[in-house]
Structure formats: structure tokens, C-alpha cells
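S.K.: This is the structure I have questions about; it appears just below.
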Amino acid sequence: MTFDTLGLSPSLLRAVAEQGYQTPSPIQARAIPLILAGRDVMAAAQTGTGKTAAFTLPLLQRLAGGPRAQPNRCRALVLTPTRELAAQVQESVRDYGRHDGVRSAVVFGGVNINPQIAQLRRGVDVLVATPGRLLDLHGQGFVDFRDLEVLVLDEADRMLDMGFIHDIRRIVTLLPTRRQTLMFSATFSGPITQLAQGYLRQPVRVEVSLPNATAETVQQWVYPVDKKRKPELLSHLVAVHGWDQVLVFTRTKHGANKLSQQLEQNGIRSVAIHGNKSQNARTRALADFKQGRVQALVATDIAARGLDIEQLPQVVNFDLPNVAEDYVHRIGRTGRAGAAGQAYSLVSADEADYLYDIERLICKTLPREEIEGFEPQHAVPRGRSAKGGPAKGRPAASARGRQKPPSGPSAARDGAPAQARRRTRAGTGGRGAQARRKDNGRTPSRGGRGR
Ligand code: AMP
């Protein structure tokens, strides 16, 4: 299939060709004709599937045909959970819309509001925003939605996870009821379906992969290791594999800072990116990473959302996330748009329950390998530990409606990279791991919510 068959205008086809895209990704092939036909669409597609172009291209086509935006008004609104994602979506809008003269702007918190006000004053066809800053701007009278034709909720699942539901509700009450609404989410959970029922009109459901399936192009491994030896193992892996661009995930902001310092001490150029860093520091860190001045970008889940780094060859989970869905998001950072990627998880005994939740969610047992010299003294148990009930105040993923058990015994080791010397081991036994479910800094504080 080619883009020509989707019904896109010549100017958009030109912009697509300039991006070097030859064939539409599955989500693009399915969603673009539906959106062009004016349908509300609810799409399950994780980052890396080409979802941004899937909604941006038909959106631009619709807007290109109509009158330009009036001052302080917008014709389409894209809501995103994070500043980084907002900036990247607007970049795509600009790239794809360059031959149509569509005016776009991005607004998010943590930066000076005045340039955003000035842009809105001129009128904006496509406004990309994080919810908090958008409400501030609306409250001050700088944006009016009466001409709005299309609403896009991008990464809707993350917006709910990050506590944006009230902001979203407030925003939707400000919009015309006659509009086209598109919702993109990595997964279709109960709350997402409910949200769709409230805001979308007879939506067409589009799913490009099994719900919560991890990108098929990503090879995944678990490296059992004692907690205190993780920094050393990571440094070893960077050296042995010769990685010059690796995205590393930690659960906490403090953990990200500490690890980044440890990597630096081991001679690995590294920088941490998380919600406590200023927007400028985050932008600079990302640019340094993209341009190869930094080898390891250490990020928390929230900060990593929306990072679009092309062809990222590998990601490392230094800590496993305590919310299983985050694993899917994390590894979606590699293996993007069909490129091969590798995801490595350094797992200590106390994280056995997180691993169990992840394997249930993705319906797959991840292959375990021990790296020679880093064999754990505390084995990582298989299955849920006796003590590992749901976290206080937050049910475990398995208790949140996912019933499917992991498929089969240990998955095959096919395609494992050969550089690191290691051996596989059953890894059974060991004492039950105490699930220590730390707060991952996700409490919806103002600073961490993309304002
Ligand atoms: P997204 O899922 O929107 O974050 O897109 C992931 C990456 O895939 C981005 O770097 C896009 O530039 C790229 N991409 C989007 N559509 C295509 C396509 N049809 N062919 C190749 N790359 C694409």
C-alpha cells in the first residue's frame, strides 16, 4: 500500500514524501480514511506506530479547506500529557502542514507564557497543548474555542494516569459539541472506554496490535542482578556493547539523578531528565542526547513520554516500573516504526512482583539471562511472591482486570546479542520477594503535570 491510496491531498503527499515515508504504517492505513470521512475514531496505538501522522495528516487536510483561524481562536486542539510530546506533535504538524500554510502553536507550562499569548493572538489553526497551561490561557481570556472543529486526545491513557481527568472534563465543556473527536491511547482500559463513550460520537475503534502487546520488533531480556550492583552492570553493558545512545529508565527522579552521577563516575557521558528539571534543561538534555554529546539519557517514565528519538536502538529498564503498562510505553521507545530494537531490564529480587505483573500484561514470559560476574546472590523468584499483594492504594495490574496468564514456559532466546558474556539459568527458587512499591513521583503535582 502507498500513501496515494488513502485520499490525502497532493500537498500532504508531498510533505509525507519529504519525510521519507514510503508506506503507511498500519495505524495510518486504517485511521486516515476514517478520519478523512469525518468519523470519530478511538485508536489503540502505542508510541512508535506512526500514530501522530495518523491523526495529523487528515486533520490538516480538513483544516486546509476552511477559513483561517480568527485571532485568539483555534480550529483544532490536540491535548497531550507532557510538554515533550506536545512539542513533538507540533513539530509534526509543522512538517506535514508546511505546504498548506496551516498555522500551529504549542502551549505548555514551565516556560514563559507571553510568547504563547502572542501566538494565540494571531489565531491558530492547530493548537497543541498540555491541559494545565491551556486552562490558564483560557482563564485569562487568550483562547476561545467557539470555532473548534476537531479535538484530539493523544496518549489519553497517560493523561488519565497522570490525573488530568478533571482538566480534560473542564476543557471539553468549553468546546462546541458539534466537532470531530479522535482519541489515541496505548491501551483500551475500562476508564479509556468510558472516556470515549462520554466524548466521542459513534466512534470507530481501530486497533493495530493486540491490546498491551509489546512492539513485535523489540527483543526483550531480563537480566537478574542484585540491586546494589545494577549501576556497575549497566556500565558494563554500555562498555561491552559499545552503546553510544541508550535510554535508561528509573522509577524515581532521585534515582535518575543518582544513576546519572554514577554513570558519569564510570566514564559514561550521561544526563538525567525528569519532572523537576526546567523545560530548558529537558530540551537541552534531549538535544545533547540526539546529537551524541551524551551517551546515556536517564529518564523517569513521565519525562520520557513523547520523546521522539529516531532509531533508538536500545532501552534499559534500570528499575522495573511499578505500573505494568509503563513497561509497554518504555520499550515502545525502541523498535519504532518497524526498526529493530532491544530492551533490557535489570531486575533485582525485590522487583519480582513487578516482573510478574508485566509478564501477565504482555502475555509473555521474558527470557532471563545472567551476565557472568553479575550473578545475583538473591534469586529473582518466578511468579508472585507470598507477600506481594497489591500495593497500598494502587491495585496491581493483575488485579485490575487482566486475567490472561503469561504464555508458556520461558520464552526462546533467539536473537540475543552475542557481545555480552552470559548464561541462562532457570532462576527459580529464592525467598519470596517483598514488593516494595515506591511512589514513582507520579502524584499530580503542578510541576510534574506538564504545566
Ligand atoms: P509516532 O508513533 O507518531 O511517535 O511515530 C514514530 C516515528 O515513526 C516518528 O519518528 C515518525 O517520524 C516515524 N513515522 C511515522 N510514520 C511513518 C511511516 N509511514 N514510515 C516511516 N516512518 C514513519
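None of the figures in this text is laboratory data; all of them are computed from the coordinates on show. All figures in this text were calculated on a predicted structure; none of them were measured in a lab. Ideal geometry is used to build each Cβ from the backbone, glycine not excepted, and the neighbour counts take in all protein chains shown.
S.K.: Mind listing the phi-derived Karplus ³J(HN,Hα) values for region 279-285, rounded to whole Hz, using 6.51, -1.76 and 1.60 with θ = phi - 60°, and x for any glycine or proline?
M.R.: With the stated coefficients, region 279-285 comes to 4, 5, 5, 5, 4, 5, 4 Hz.
S.K.: In addition: Place a point 7 Å from Cα of ARG68 in the direction of its Cβ. Which residues in region 101-139 have their backbone N less than 16 Å from it?
M.R.: Under 16 Å, as judged by backbone N against the label point of ARG68, lie 101-105, 119-127 of region 101-139.
S.K.: Quick check on the exposure proxy: order CYS363, CYS74 from fewest to most C-beta atoms within 10 angstrom.
M.R.: CYS363, CYS74
S.K.: Return, ordered by residue number, the residues of region 111-125 whose backbone nitrogen is under 12 Å from a label point located 7 Å along Cα→Cβ of THR283.
M.R.: In region 111-125, the label zone of THR283 (backbone N under 12 Å from the point 7 Å along Cα→Cβ) covers 111-113, 115-116.
S.K.: Turning to a different aspect of this structure: Per-residue HN-Hα couplings for region 51-64, Karplus 6.51 cos²θ - 1.76 cosθ + 1.60 at θ = phi - 60°, whole Hz, x for Gly and Pro?
M.R.: 5, 4, 5, 4, 9, 5, 4, x, 4, 5, 4, 5, 6, 4
S.K.: Under 5 Å between amide H atoms, partner at least 5 residues away or on a different chain: which partners does GLN220 have, H built in plane at 1.01 Å?
M.R.: Hits under the 5 Å cutoff: ALA343.
S.K.: Still on this structure: Return the ratio Rg/(2.2 N^0.38 Å) for region 3-207, where Rg is computed over Cα atoms only.
M.R.: The reported ratio for this selection is 0.94.
S.K.: Using only the alpha-carbon atoms, what does region 1-57 span along each of its principal axes? Please give whole angstrom values in decreasing order.
M.R.: 27, 24, 18
S.K.: Let me ask another. Compute the convex hull volume of the Cα atoms of region 20-117, divide it by the residue count, and report the result per residue in Å³ as a whole number. Don't skip to the answer; put the middle values down first.
M.R.: On the way: hull volume 11.9 nm³, N = 98.
Looking at region 20-117, the number lands at 121 Å³ per residue.
S.K.: I've got another one for you. Where does each of TYR327, TYR223 land when they are ranked from fewest to most other beta-carbon atoms within 10 angstrom? Walk me through the intermediate numbers first.
M.R.: Working: TYR327 28, TYR223 23.
Arranged by neighbour count, lowest to highest, TYR327, TYR223 become TYR223, TYR327.
S.K.: Right, here's the next one. Taking R0 as 45 Å, what's the FRET efficiency between ASP144 and THR217 from their Cβ-Cβ distance, rounded to 0.05?
M.R.: Working: r = 44 Å, r/R0 = 0.97.
Plugging the Cβ-Cβ distance into 1/(1 + (r/R0)^6) gives 0.55.
S.K.: Residue by residue through region 83-96, which ³J(HN,Hα) values in whole Hz follow from phi under the Karplus form 6.51 cos²θ - 1.76 cosθ + 1.60 (θ = phi - 60°), with glycine and proline marked x?
M.R.: So the J values, rounded to whole Hz, are 5, 4, 5, 4, 4, 6, 5, 5, 4, 5, 4, 5, 5, 6.
S.K.: Here's something else I'd like to know. Take the Cα of GLN291, step 7 Å along the line toward its Cβ, and report every residue of region 230-263 whose backbone nitrogen sits under 17 Å from that point.
M.R.: 245
S.K.: List the residues, sorted by chain then number, that are 5 or more residues from VAL152 or on another chain and whose placed amide H is less than 5 Å from its amide H.
M.R.: Result for VAL152 returns LEU77, VAL78, LEU79, LEU182.
S.K.: Something else now. So for each of 124-130, 114-120, 24-30 I average, over its residues, the number of other beta carbons within 10 Å; can you give me the resulting order with the highest mean first?
M.R.: Going by the mean number of other Cβ atoms within 10 Å, highest first, we get 124-130, 24-30, 114-120.
S.K.: ILE113 to VAL240: extension gain in nm, 0.36 nm per residue of separation minus the Cα-Cα distance?
M.R.: Here the segment from ILE113 to VAL240 would lengthen by 41.2 nm.
S.K.: Under 37 °C and 0.692 mPa s, how fast does region 115-210 diffuse according to Stokes-Einstein, given a Kirkwood radius computed over C-alpha pairs? Answer in µm²/s, whole number.
M.R.: Taking Rh from Cα pairs, D becomes 227 µm²/s.
S.K.: Which translational diffusion coefficient, to the nearest whole µm²/s, is obtained for region 184-263 from the Stokes-Einstein equation, given a Kirkwood hydrodynamic radius over C-alpha pairs, 4 °C and 1.567 mPa s?
M.R.: Rounded to a whole number, D works out at 78 µm²/s.
S.K.: Quick one: putting +1 on the C-beta of Lys and Arg, -1 on the C-beta of Asp and Glu, what dipole do you get for region 41-200 around its Cα centre, in Debye to the nearest 20? Please report the intermediate quantities before stating the final value.
M.R.: Values: 18 positive and 14 negative charges, 100 e Å.
Rounded to the nearest 20 debye, it is 480 debye.
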